[in-house]
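Report on one structure; see the data block that follows.
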């Protein structure tokens, strides 16, 4: 459950689904099926940030409200090989 914020307060953007390094040894966020673009059509000359789809499911937030997941982060326990479904 997300905290209730007072007017003017800001919440940090949720980023990782679980603790890094708890997934398969030698795997990284960039090799996970859940690593996805935050925007389907980013503005011209802008790259969309990469985010974790599991975090979106956990929080109920849209992908563009999540924090950036960096490619070199060690995989978490939710890691899933690309091409095996979600």
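By the beta-carbon count within 10 Å of each Cβ, the least crowded to most crowded order of 61, 66, fewest first, is 61, 66.
The ranking of 69, 54, 19 by Cβ neighbour count inside 10 Å, starting from the fewest, reads 19, 54, 69. When you restrict to C-alpha pairs under 8 Å that are six or more residues apart and normalise by the size of region 28-81, the relative contact order lands at 48 percent. Max-minus-min Cα coordinates of region 28-81 on each principal axis give 34, 24, 16 Å, with the largest extent listed first. Cβ crowding within 10 Å ranks 38, 12, 71 as 12, 71, 38, fewest other Cβ atoms first.
Between residue 41 and residue 70, residue separation times 0.36 nm minus the direct Cα-Cα distance comes to 8.5 nm.
Every number in this text was worked out from the coordinates using simple rules, so none of it is lab data. In this text the structure is predicted, and so the values were computed from the model without any measurement. Using ideal geometry, Cβ is built from the backbone for each residue, glycine included, and neighbour counts are taken over all protein chains shown.
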